[in-house]
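Q: For reference, the structure I am asking about is given below.
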Amino acid sequence: MTDTSAAPVFQIQRVYLKEASLEQPNSPNILLQQEQPALDIQLGVAAEPLAEGVYEVTVTCTVTTKIKDKTLYLVEAKQAGIFEVRNLPQEQLGPILGIACPQIIYPYLRGNVADLIQRGGFPPVHLAEINFQGMYDQQLPREGEAAAAPAPTVQ
C-alpha cells in the first residue's frame, strides 16, 4: 500500500480582496487641470502562516497619480489568497509563496485596481505584467546578507 500522506499538496483555498481605498484629496479643483499626471506604482508581496501547511499570501499595490506636487488620486489595494502547501522540501516553500502564489493573485489585483480607478472617474490604469521570479530573486541577496551576518557571541 502506498502512503499518500507524504504526497506534495498545493491548493488554492480562497482568493479575496483584503483591502482597497481610493482617495482624491484635491478634488474637484485638480480635475480642471489640463496637465498630464505623473504616475507612480509600488508593489509588495508578503506571506504568513495561518495554520500548519496553510498560508496567506498578499500582493499590495499603491498607485499615486500627481499633477505637479498635488495628488490627483491615490489607490491602495491588497489582494490576498489562502493556500494549502504541504509536504514540500523547505527550499521549495519560499519560491512557491514568493513566486507561484503571487502570480495567481496578481490578475485579480490588476482587475480590482483598474476597476476602482475607473469608478473614481478616471481612465483605468492597467498594471503591467510582473516578473515575480525577478522580484523574489532581488530579495534573496538582502535576506542572505542578514543571514550571513555574524551571530552574536555568547560567553
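The values are calculated or read from the model by the stated rules, or taken from the named source; none is laboratory data. Bear in mind the structure is a predicted one, so any value in this text is a computation, not a measurement. When we count neighbours, we look across all protein chains shown, and the Cβ atoms used for this are built from the backbone with ideal geometry, even at glycine.
Q: Is it the case that residue 56 is in contact (Cβ under 8 Å) with a residue 12 or more places away in the chain and crowded, with 17+ Cβ neighbours inside 10 Å?
A: Yes; evaluated as a whole, the condition is true for this residue.
Q: Hey, another quick one. Considering only the range 1-111, give the strands (runs of 3 or more DSSP E) lying wholly within it that have at least 3 residues that are more than 28 Å from residue 138 (Cα to Cα).
A: 9-23, 70-86
Q: Another one. Test each condition in (1) in contact with a helix residue (DSSP H, G or I) (Cβ under 8 Å, 6 or more places away or on another chain); (2) closer than 15 Å to residue 45 by Cα for residue 97 and report the one that comes out false.
A: Result: residue 97 passes all but (1).
Q: Within the set of pairs 6 or more residues apart or between chains, which connect a residue that is closer than 20 Å to residue 66 by Cβ inside the range 104-129 to a residue that is assigned to a helix (DSSP H, G or I) and of a type in the set (Asp, Glu) with Cβ atoms less than 8 Å apart?
A: Short answer, once both residue conditions are applied: 124/115.
Q: Check whether at least one residue in the range 122-129 is of a type outside the set (A, V, I, L, M), out of contact with any Phe, Trp or Tyr (no Cβ under 8 Å at 6 or more places or on another chain) and modelled with pLDDT of 95 or more, and report yes or no.
A: No, the conditions are met nowhere in the range 122-129.
Q: Tally up the residues in the range 78-94 that are closer than 14 Å to residue 45 by Cβ, among the hydrophobic types (A, V, I, L, M, F, W, C) and under 14 Å from the mean Cα position of the chain (by Cα), please.
A: Count: 1.
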